[in-house]
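Every number here is computed from the coordinates shown, using simple stated rules; none is lab data. These numbers were taken from a predicted model, which means no experiment stands behind them. When we count neighbours, we look across all protein chains shown, and the Cβ atoms used for this are built from the backbone with ideal geometry, even at glycine.
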Amino acid sequence: MNENPDCIFCRIVAGEIPSFKLLEDDRVLSFMDINPANEGHCLVIPKAHAPNLFESDDGSLAAAAAACRRVADAVRRTLDPPGISLMQANGPAAGQSVFHFHFHVIPRRADDDLLFNWEPRPGDLDAIGRLAERIRASLRQEPAPQKTMRLE
Ligand code: 5GP
Ligand code: ZN
């Protein structure tokens, strides 16, 4: 099923464009970003096409947010970065370049000078593919989900 043939992420969901997949279920797909802002940069998208946050449905948003937590935790256990940012852009002024709602999961260092909006540079596909395998292994070993969440 390809919801929107003009959308690159719908084509990835449909398997028409290859990707380094990390996690997939009925509602969401996560895969490596091929122009990583930092090593381990990956994306989480709802499968249902919506151009941005405002047009996404609640179920897709909830599923994507839960998948972000799982993927971010697997990235943390794989690379042990000092920090991880979730980023989500709406509109070209916010740096959105693919108009299918998505979250970025980006490992961070205090001195990485990462600016939101960064200049995309092609990554090393062999290295990205190897890292995808390591993060998938971490997903397979994930601990039991947290039962409670404290905000303080
Ligand atoms: P945005 O700029 O919309 O917030 O993020 C879109 C992201 O999708 C960018 O980080 C870009 O590198 C990534 N991207 C664009 N095309 C492809 C692709 O064909 N495959 C993958 N894996 N990532 C892509
Ligand atoms: Zn789409």
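P(r) for the chain, from all Cα pairs and a bin width of 10 Å, is 11, 41, 38, 10, 0 %, short bins first. Cys residues of the chain that find no other Cys beta carbon under 4.7 Å: Cys42, Cys68.
A straight line joining the Cα centroids of segment 13-75 and segment 127-144 runs 15 Å.
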